[in-house]
1. Which residue pairs have Cβ atoms under 6 Å apart, sit 6 or more places apart or on different chains, and have a first residue in the stretch 55-77 that is in a helix (DSSP H, G or I) and a second that is open to solvent by 70 Å² or more (accessible area, probe 1.4 Å)?
2. Is it true that Met1 is open to solvent by less than 80 Å² (accessible area, probe 1.4 Å), in contact with a helix residue (DSSP H, G or I) (Cβ under 8 Å, 6 or more places away or on another chain), at pLDDT 95 or above and part of a loop (DSSP other than H, G, I, E, B)?
3. Looking for whichever is aromatic (Phe, Trp, Tyr), more than 18 Å from Val113 (Cβ to Cβ) and at pLDDT below 50 here; the options are Tyr32, Tyr13. Which one fits?
Amino acid sequence: MSEWILGAEPDPYDQRAAHRCAGKLQAGSSDYQPPRGHVSDFDEFKSYYTLADKLMGTMTPEQLADCLRILALQVADYRLRFGEIPGQDLLAPLGTTEISDNQARVLREGMEVLVGYLASVRDGWEEGDAPLH
């Protein structure tokens with residue numbers, strides 16, 4: 001994990017949840033929810049973060065660019081529907097030594113979405129799930 005958050009390296013003690021959902025996540029869908037059990041949102045975030053790094057390492061620059069374009073469309077769609085996203089709220093965890101439960105959920109959700117899009121772009125979209133070109 002980059003030093004951008006908490007200044008710590010990833011603790012990949014439990015990547016099972018991230019690995020289980022990597023092939024099951026449908027980008028943009030909330031149908032699949034990994035089991036929470038005793039794993040905290042922040043621990044899941046770290047697992048997704050590690051998995052996202054691994055996925056990005058296997059992808060071509062063109063695939064990464066496609067993923068960025070799709071994420072940009074998601075953000076644009078959100079902004080048109082609900083208005084601006086307050087950036088200062090998203091930047092709050094940067095460089096902090098403690099994060100709230102809500103911030104941990106946002107971090108986990110963000111990495112979960114990223115892993116879903118990366119896996120879908122890398123492995124191909126299932127029928128009916130492909131974004132418009």
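The values are calculated or read from the model by the stated rules, or taken from the named source; none is laboratory data. None of the values given here were measured: they were computed from a predicted structure. Neighbour counts are summed over all protein chains in view; Cβ atoms, including those assigned to glycine, are modelled from backbone coordinates with ideal geometry. These accessible areas exclude ligands, DNA and RNA; they are computed on the full protein's heavy atoms, side chains included. Shrake-Rupley method; radii C 1.70, N 1.55, O 1.52, S 1.80 Å.
1. Here the result reads Gln63/Arg122, each pair linking the stretch 55-77 to a residue that is open to solvent by 70 Å² or more (accessible area, probe 1.4 Å).
2. For Met1, the condition - open to solvent by less than 80 Å² (accessible area, probe 1.4 Å), in contact with a helix residue (DSSP H, G or I) (Cβ under 8 Å, 6 or more places away or on another chain), at pLDDT 95 or above and part of a loop (DSSP other than H, G, I, E, B) - is not met.
3. Tyr13
Each row is one residue, and each column tells you yes or no for (1) at pLDDT 90 or above; (2) open to solvent by 60 Å² or more (accessible area, probe 1.4 Å); (3) charged (D, E, K, R); (4) closer than 23 Å to Asp41 by Cβ.
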{"residue": "Ala76", "(1), (2), (3), (4)": "yes, no, no, no"}
{"residue": "Gly87", "(1), (2), (3), (4)": "no, no, no, yes"}
{"residue": "Leu90", "(1), (2), (3), (4)": "no, yes, no, yes"}
{"residue": "Arg105", "(1), (2), (3), (4)": "yes, yes, yes, yes"}
{"residue": "Val115", "(1), (2), (3), (4)": "yes, no, no, yes"}
{"residue": "Leu118", "(1), (2), (3), (4)": "yes, no, no, yes"}
{"residue": "Pro131", "(1), (2), (3), (4)": "no, no, no, no"}
